[in-house]
Amino acid sequence: MRRLFPLPAPSVPAPDVENTVVGAIDPTDREWTLDELADAYAYPAADDPVRSGRTGWLRANMVSSVDGAAHHEGRSQPLSSDADMRIFGVLRGLADAVVVGAETVRQEGYRPARAREAFAARRAAAGQGPAPAIAVVTAGLGLDFTLPLFTEPLVPTLVLTGAGAPAGRVAKARAAGVEVLFAGEGQGVDPARVAGVLAGRGHTRLLTEGGPMLLGQIAAAGALDELCLSLAPVVAVGDAARIMNGPALPVPERFALASVLEEAGFLFTRYRRS
């Protein structure tokens with residue numbers, strides 16, 4: 001893996017040093033340690049001006065083929081790579097909670113996040129639990145609450161829904177020991193309220209892994225702070241959704257490029273709200 005952006009500041013040689021190339025950078029392509037990746041993807045500090053007025057920091061992690069497909073035959077794994085999965089694990093290792101849509105839970109066979117020794121000291125120093133909570137966004141609560149995601153989590157799985165969600169299904173979820181949080185007045189979730197509701201549970205470092213419909217809703221609500229996009233050097237064709245799926249914004253919202261890493265043709269980009 002190598003960093004393409006931002007590049008380190010050019011080195012300036014001393015006047016008596018000859019034959020030194022000004023601005024030369026280390027071209028080494030090597031596997032980064034988990035600590036190096038964690039530093040590169042660290043959340044902004046609570047007092048960072050970029051977080052001014054935000055109750056938390058909501059970043060998305062998605063993968064796309066070069067022709068824009070967010071999945072192949074319903075799953076993102078065929079577009080991934082070893083480096084992509086390392087970054088996936090690091091982003092989870094840094095997060096308080098992972099926000100995910102119910103359909104993605106069903107399609108990807110979500111399981112509880114696990115504790116990883118590599119992040120134990122870092123999480124303890126940040127006052128975090130041993131693993132991130134999974135927060136499932138759903139309007140109808142059409143979920144199987146006997147699955148390990150709900151019965152075997154290290155940190156209790158949360159369900160985010162609207163106050164108008166079917167009362168019987170809310171009761172069924174709670175009877176199964178699931179914590180149900182309301183983040184909207186109607187049947188569904190108001191994406192603009194997700195960060196605030198989770199911050200009320202102490203979860204301010206947020207990560208969403210989609211799917212495309214949920215991510216589109218979050219972006220349209222102006223609630224997306226950062227996008228970590230892995231661009232896979234493959235062509236999928238087909239009719240797969242883009243990484244965000246929903247109605248067009250009246251005016252496209254601009255994000256600023258924060259960093260680019262590369263490994264084996266994969267580009268690992270990070271964009272922040274301008």
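The values are calculated or read from the model by the stated rules, or taken from the named source; none is laboratory data. Remember, predicted model here, so these are calculated numbers, not experimental data. When we count neighbours, we look across all protein chains shown, and the Cβ atoms used for this are built from the backbone with ideal geometry, even at glycine. Side chains are part of the model used for accessible areas, which takes the heavy atoms of the whole protein and leaves out ligands, DNA and RNA. Shrake-Rupley method; radii C 1.70, N 1.55, O 1.52, S 1.80 Å.
For every residue, the table says whether it meets (1) in a loop (DSSP other than H, G, I, E, B); (2) without any contact (Cβ under 8 Å) to a residue 40 or more places away in the chain; (3) more than 22 Å from Val137 (Cβ to Cβ); (4) not charged (D, E, K, R).
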{"residue": "Leu207", "(1), (2), (3), (4)": "no, no, no, yes"}
{"residue": "Ile218", "(1), (2), (3), (4)": "no, no, no, yes"}
{"residue": "Ala223", "(1), (2), (3), (4)": "yes, no, no, yes"}
{"residue": "Leu231", "(1), (2), (3), (4)": "no, no, yes, yes"}
{"residue": "Ala236", "(1), (2), (3), (4)": "yes, no, yes, yes"}
{"residue": "Ile243", "(1), (2), (3), (4)": "yes, no, no, yes"}
{"residue": "Val251", "(1), (2), (3), (4)": "yes, yes, yes, yes"}
{"residue": "Leu257", "(1), (2), (3), (4)": "no, no, yes, yes"}
{"residue": "Glu262", "(1), (2), (3), (4)": "no, no, yes, no"}
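For the condition surrounded by 16 or more Cβ atoms within 10 Å (Cβ to Cβ) and over 30 Å from Tyr41 (Cβ atoms), what is the one hit in Arg205, Arg193, Arg169, Arg174? Of Arg205, Arg193, Arg169, Arg174, the one residue that is surrounded by 16 or more Cβ atoms within 10 Å (Cβ to Cβ) and over 30 Å from Tyr41 (Cβ atoms) is Arg169. Ala221 satisfies every condition listed in (1) of a type in the set (A, V, I, L, M, F, W, C); (2) on the phi > 0 side of the Ramachandran plot; (3) open to solvent by 40 Å² or more (accessible area, probe 1.4 Å) except (2). For first residues located in the stretch 58-75 and closer than 15 Å to Gly265 by Cβ, partners that are open to solvent by less than 20 Å² (accessible area, probe 1.4 Å) and part of a loop (DSSP other than H, G, I, E, B) and lie 6+ apart or on another chain with Cβ distances below 9 Å form the pairs Val63/Ala70; Ser64/Ala70. Apart from one condition, Ile87 fits all of (1) without any contact (Cβ under 8 Å) to a residue 60 or more places away in the chain; (2) crowded, with 17+ Cβ neighbours inside 10 Å; (3) not aromatic (Phe, Trp, Tyr); the exception is (1). Restricting attention to the stretch 19-51, the residues that are in contact with a helix residue (DSSP H, G or I) (Cβ under 7 Å, 6 or more places away or on another chain) and either at pLDDT below 90 or not hydrophobic (A, V, I, L, M, F, W, C) (or both) total 3.
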